[in-house]
Amino acid sequence: MCTVPGHDLRHLALEAAAPEIAAAFGLILFGIRRMPSLTRAVFALETGEGRFVLRVHPDDARVDELESLLTWLDALAAAGFPVPRPRRTLRGGWLAALALDGLPGTQRCSLLTWLDGTALTPEEMTPDHARAMGDLLARLHDYAARWPAPAGFVRPCLDAEGLFGECSPYASAGSEAFFSTELREAMQCVELHTRALLCRTRGLPDAWGLIHGDLIAKNCLFGDDGARALDFDNCGHGCFLYDLAPATLQFSALPLAEALTQALWTGYTARRSLAPAGPADLETLVAARLVASCRWLVANRQAPALRGRMEDLLEQRTLTLRDYLATGRVRRRSEML
């Protein structure tokens with residue numbers, strides 16, 4: 001009887017099918033290597049045309065949203081941005097779909113060009129790195145503000161409903177049962193603050209558009225030309241200021257927290273204005289990001305890296321949110337995964 005856990009079984013099945021997947025994109029596979037990911041199946045492929053990244057998307061992901069994501073990445077790469085560029089299949093689409101024995105549903109795969117650069121942990125980052133992240137976000141937002149999205153382009157909306165509603169990308173059925181009374185109350189208070197802020201900014205010119213949604217250390221590479229962005233899975237329509245929140249939250253527990261956060265802000269505002277938003281508004285969205293993180297933990301509680309740890313991680317986030325509500329500042333106590 002097979003004793004391989006479901007997560008590993010899926011990876012093994014996908015590795016075995018990699019030559020077929022590569023062929024769908026017109027490539028001959030020479031080698032395959034798993035890449036680290038908490039919840040996704042991601043592989044580095046060595047092919048006759050060089051190295052690529054194979055991403056296998058969740059079973060419940062909407063095809064129109066995936067195709068829109070890849071269209072956006074292709075537009076960014078064509079405009080010269082340092083992002084992975086998707087490759088089309090031999091049939092001309094962005095996604096290869098196949099059924100594999102032992103795996104439910106259809107496996108939908110995309111292929112991206114390999115992006116070179118230096119990967120850093122948050123602890124290894126300097127203010128120069130944070131400034132480069134801010135500059136990249138500002139350039140992405142400038143382009144998003146003038147990019148004519150094609151007909152049928154669909155990405156989630158990371159407004160208040162997108163962050164906190166039942167149809168949020170972070171939501172999962174029955175998640176409330178996993179939250180303590182104290183955590184639920186803290187999350188509700190942060191939600192009220194966030195809704196007021198987003199309502200105030202929604203009508204401002206150049207304040208909303210397509211955002212990355214998850215630009216943190218592990219989704220960045222660095223080179224002589226600055227920062228390069230990976231993993232656009234969370235991109236959607238949202239408040240541009242929110243795009244600074246994931247990195248700010250990650251920085252908040254570090255000794256250089258204030259210097260890194262200031263450098264991120266400076267790198268952005270040297271190129272693009274965030275006025276009339278200020279640091280207090282960013283703190284609100286950092287707290288909102290932490291609430292989204294609580295919901296993400298519950299939704300992904302079966303991931304191998306989270307099994308047996310969720311209760312402690314939620315307790316740590318409860319303490320951080322309680323501190324924010326008392327001081328107006330987020331100083332993370334919990335590990336960010």
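Laid out as a table, the results:
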quantity	calculated
Pair list, Cβ < 6 Å and 6+ apart or interchain, from the stretch 311-325 residues that are open to solvent by 10 Å² or more (accessible area, probe 1.4 Å) to residues that are at pLDDT 95 or above	R322/A186; Y324/A287; L325/C189
Condition met for R289 (in contact (Cβ under 8 Å) with a residue 12 or more places away in the chain, in a helix (DSSP H, G or I), closer than 27 Å to R333 by Cβ and open to solvent by 40 Å² or more (accessible area, probe 1.4 Å))	no
Members of the stretch 106-149 that are open to solvent by 50 Å² or more (accessible area, probe 1.4 Å) and hydrophobic (A, V, I, L, M, F, W, C)	W114, A119, A145, A149
Search result, residues across the stretch 174-185 that are surrounded by 12 or more Cβ atoms within 10 Å (Cβ to Cβ), assigned to a loop (DSSP other than H, G, I, E, B) and not hydrophobic (A, V, I, L, M, F, W, C)	S180
Residues of the stretch 108-155 that turn out to be of a type outside the set (G, A, S), under 15 Å from S68 (Cβ atoms) and part of a loop (DSSP other than H, G, I, E, B), as a count	6
Condition check for F240: within 23 Å of R331 (Cα to Cα) and touching a helix residue (DSSP H, G or I) at 6+ places or on another chain (Cβ under 6 Å)	yes
Among the residues listed as A275, A305, the single one being free of Cβ contacts under 8 Å to residues at least 24 places away in the same chain and outside any helix (DSSP H, G or I)	A275
Hey, A171 open to solvent by less than 40 Å² (accessible area, probe 1.4 Å), touching a residue at least 12 places away in the same chain (Cβ under 8 Å) and not in a helix (DSSP H, G or I) or not	yes
Enumeration of residues in the stretch 37-60 that are in contact (Cβ under 8 Å) with a residue 24 or more places away in the chain and loosely packed, with under 14 Cβ neighbours inside 10 Å	L38, G50, D59
Residue check, T194 touching a strand residue (DSSP E or B) at 6+ places or on another chain (Cβ under 6 Å) and polar (S, T, N, Q)	no
Flag for A79 being surrounded by fewer than 16 Cβ atoms within 10 Å (Cβ to Cβ) and in contact with a helix residue (DSSP H, G or I) (Cβ under 7 Å, 6 or more places away or on another chain)	yes
Matching residues in the stretch 202-237 - criterion: being touching a strand residue (DSSP E or B) at 6+ places or on another chain (Cβ under 7 Å) and open to solvent by 50 Å² or more (accessible area, probe 1.4 Å)	R202, H237
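Matching residues to (1) basic (K, R); (2) in contact (Cβ under 8 Å) with a residue 60 or more places away in the chain; (3) open to solvent by 50 Å² or more (accessible area, probe 1.4 Å):
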| position | (1), (2), (3) |
| --- | --- |
| L158 | no, yes, no |
| L163 | no, yes, no |
| Q188 | no, no, yes |
| H193 | no, yes, yes |
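The values are calculated or read from the model by the stated rules, or taken from the named source; none is laboratory data. Just so you know, these numbers come straight off a predicted model, no measurement behind them. We place every Cβ from the backbone using ideal geometry, glycine too, and count neighbours over all the protein chains shown. Heads up: the accessible areas ignore ligands, DNA and RNA and are worked out on the full protein's heavy atoms, side chains in. Shrake-Rupley method; radii C 1.70, N 1.55, O 1.52, S 1.80 Å.
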